[in-house]
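What follows is a single structure, written as structure tokens, with notes after it.
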Ligand code: FAD
């Protein structure tokens, strides 16, 4: 018996139902395919590609420790799998269930190609999310549209057992494995200077540190912008270097651990919404007929972190610098774009996806819709005031000072409220005057929503 384990967003050997099941066969082909369609799409960006290559290098090392190797191909995943099924006489293919449109199409096409070949397709649940989308549903609907009832129900479902890595990986003899291509052959452009390193080993180190030292401060600290008190596990979760089931299993009953599980459940929530409404990756979940403004200059200032609103600029510069942004800053910058500047959420979501190393269609686009008021927020018209947010979540100004060094000598009040500083002084510091009067613009937004 020969099986193929097709890795996608599950780049690990621990707690991997896909690899464990495939490894029950006499021989297994651990396969990763660089999907030409994804490579030529806008989703292929340097930060995620650099992180992905780290993950694949690390996965190959783990598979070698188990006696195997990662088999690398480039092209159409369905055609590559079919070729291997034919040449290796494989009788089963294992893959994780996923929710994006591309993943659903791939699954259907695989099903078709394998049926023709008398080869079975095993699509494993509880790999990418702890509970498969579609399992936790309310009466009479195919998904939950509100987080709190979802979370209550989701928490009642038992988790599957955590799995150890397979004992051994036996490759078919003579199979061509191929080397990992250089990044320049896959994706052009520079990576952010402070990108974390990818891979299951880095993920497990971080998880260990997080449970040993970090998580204790989570409940009080997770919204503190300068405190850096969140797990920073999102890129590892996105690429499946760590299993959500294993993470949740490790959490005990303390308040901090329960709060952390609740955050992980947001990830599950957005995945089940997107699974039920795949078109909402780009279409409004709740259409509001907003007439978004067209303002390329304001959009560019936002992207560049030069809006003249320091807390917004700090967030945008953290994104460019690290390929990651604190959740509170994501909320502030997204609210600023969609509600203060009144620009279409899709423009913001695309810029985030260009840079985020954890960039993920379910989490990113559904969170953008949540903030823009076209998604699942039960208070879609709330507008954040960035100055008030700054005073509350960056009370000493350390976050702004770190990412907007032009302003670093200023006292905290001026730092958060640059309209208190003369235009000349701002110009001397090389920092722009605010591109918008926030209070006026927010009032305009409330009025426009009131009319709808
Ligand atoms: P922690 O606070 O340590 O949380 C643990 C984990 O819970 C995270 O790693 C993440 O997997 C999950 N989580 C936490 N908050 C959320 C949330 N609101 N929605 C979904 N999952 C959550 N997260 C992404 O993983 N990818 C994205 O592309 C993404 N885009 C976002 C865009 C916007 C506009 C907003 C407001 C949020 C977005 N988030 C996204 C959610 C959240 O900001 C990040 O998951 C979080 O900041 C990651 O940091 P952390 O791992 O330290 O989080």
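The values are calculated or read from the model by the stated rules, or taken from the named source; none is laboratory data. Predicted, not measured: the structure shown is a model, and the values here were computed from it. Heads up, the Cβs are rebuilt from the backbone with ideal geometry, glycines too, and the neighbour counts pull from every protein chain shown.
Confirm whether residue 48 is buried (at least 16 other Cβ atoms within 10 Å of the Cβ), modelled with pLDDT under 95 and not in a loop (DSSP other than H, G, I, E, B).
no
I need the full set of residues from region 248-260 which are without any contact (Cβ under 8 Å) to a residue 60 or more places away in the chain and in a helix (DSSP H, G or I), in order please.
250, 255, 256, 257, 258, 259, 260
Tell me, yes or no, whether region 360-369 has at least one residue that is more than 21 Å from residue 196 (Cα to Cα), outside any helix (DSSP H, G or I) and under 19 Å from the mean Cα position of the chain (by Cα).
The answer is no; no qualifying residue exists.
Can you go through 177, 115 and tell me which one is over 23 Å from the mean Cα position of the chain (by Cα) and more than 22 Å from residue 10 (Cβ to Cβ)?
Checking each option against the conditions leaves just 115.
Let me confirm something: among 379, 446, 413, 388, which residue is touching a residue at least 24 places away in the same chain (Cβ under 8 Å), farther than 18 Å from residue 306 by Cα and surrounded by fewer than 15 Cβ atoms within 10 Å (Cβ to Cβ)?
Just a single option satisfies the conditions, and that option is 446.
How do the pairs read when you match residues in region 324-335 that are more than 8 Å from the ligand (Cβ to nearest atom) with residues anywhere that are part of a loop (DSSP other than H, G, I, E, B), using Cβ under 6 Å and keeping only pairs 6 or more apart or on different chains?
328/223; 328/225; 332/384; 335/384
Please work out which one of (1) modelled with pLDDT under 95; (2) over 16 Å from residue 73 (Cβ atoms) is the condition residue 37 fails and give its number.
(2)
Which residues, counting only those in region 336-354, are closer than 24 Å to residue 188 by Cβ and either more than 10 Å from the ligand (Cβ to nearest atom) or part of a loop (DSSP other than H, G, I, E, B) (or both)?
Listed by number, the residues that qualify are 346, 347, 350, 351, 354.
Checking residue 252 against (1) buried (at least 19 other Cβ atoms within 10 Å of the Cβ); (2) modelled with pLDDT under 95, which single condition isn't satisfied?
Only one criterion is unmet by residue 252, namely (1).
In this structure, is residue 297 under 23 Å from residue 9 (Cβ atoms) and either out of contact with any strand residue (DSSP E or B) (no Cβ under 8 Å at 6 or more places or on another chain) or in a helix (DSSP H, G or I) (or both)?
So residue 297 does not fit the description; no.
Does residue 110 satisfy being surrounded by 20 or more Cβ atoms within 10 Å (Cβ to Cβ), closer than 20 Å to residue 243 by Cβ, outside the structural domain of residue 232 (by TED's automatic domain parsing) and touching a strand residue (DSSP E or B) at 6+ places or on another chain (Cβ under 9 Å)?
So residue 110 fails the test.
Answer with yes or no whether residue 77 is buried (at least 18 other Cβ atoms within 10 Å of the Cβ) and modelled with pLDDT under 95.
Judged against the criteria, residue 77 is not a match.
I'd like the residue in region 217-235 that is assigned to a helix (DSSP H, G or I) and more than 8 Å from the ligand (Cβ to nearest atom) and, out of all such residues, is nearest to residue 204 (Cα to Cα).
Step by step, filter region 217-235, then rank; the result is 217.
Just a yes or no: is a residue in region 133-153 assigned to a loop (DSSP other than H, G, I, E, B), in the same structural domain as residue 26 (by TED's automatic domain parsing) and on the phi < 0 side of the Ramachandran plot?
No, region 133-153 contains no residue that is assigned to a loop (DSSP other than H, G, I, E, B), in the same structural domain as residue 26 (by TED's automatic domain parsing) and on the phi < 0 side of the Ramachandran plot.
For a quick check of your reading of the model, give me the residue pairs whose first member lies in region 223-239 and is in the same structural domain as residue 263 (by TED's automatic domain parsing) and modelled with pLDDT of 95 or more, whose second is near the ligand (Cβ under 8 Å from one of its atoms) and part of a loop (DSSP other than H, G, I, E, B), with beta-carbon atoms closer than 6 Å and at least 6 apart or on different chains.
From residues that are in the same structural domain as residue 263 (by TED's automatic domain parsing) and modelled with pLDDT of 95 or more, the pairs are 225/326; 230/222; 234/358; 235/358; 238/358; 238/360.
So that you can scan it fast, the table gives a plain yes or no per residue for (1) under 29 Å from residue 222 (Cα atoms); (2) over 30 Å from the mean Cα position of the chain (by Cα):
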site	(1), (2)
390	yes, no
401	yes, no
408	yes, yes
411	yes, yes
420	no, yes
424	no, yes
442	yes, no
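Determine if region 131-150 includes at least one residue that is in contact with a strand residue (DSSP E or B) (Cβ under 8 Å, 6 or more places away or on another chain), surrounded by 15 or more Cβ atoms within 10 Å (Cβ to Cβ) and closer than 30 Å to residue 380 by Cα.
Checked against the condition, which is being in contact with a strand residue (DSSP E or B) (Cβ under 8 Å, 6 or more places away or on another chain), surrounded by 15 or more Cβ atoms within 10 Å (Cβ to Cβ) and closer than 30 Å to residue 380 by Cα, region 131-150 yields no hits at all.
Taking the conditions exactly as written (more than 22 Å from residue 97 (Cα to Cα), in a helix (DSSP H, G or I), at pLDDT 95 or above and more than 23 Å from the chain's Cα centre (by Cα)), does residue 61 satisfy them or not?
yes
Do we have residue 169 as part of a loop (DSSP other than H, G, I, E, B), away from the ligand (no atom under 16 Å from the Cβ), modelled with pLDDT of 95 or more and not assigned by TED's automatic domain parsing to the domain that holds residue 59 here?
So residue 169 fits the description; yes.
Does region 392-407 contain at least one residue that is in a helix (DSSP H, G or I), within 16 Å of the ligand (Cβ to nearest atom) and surrounded by fewer than 21 Cβ atoms within 10 Å (Cβ to Cβ)?
Yes; the residues of region 392-407 include at least one that is in a helix (DSSP H, G or I), within 16 Å of the ligand (Cβ to nearest atom) and surrounded by fewer than 21 Cβ atoms within 10 Å (Cβ to Cβ).
Among what's in region 262-288 and is surrounded by fewer than 17 Cβ atoms within 10 Å (Cβ to Cβ) and within 14 Å of the ligand (Cβ to nearest atom), pick the residue that is nearest to the chain's Cα centre (by Cα).
Looking at the filtered set, the residue picked out is 263.
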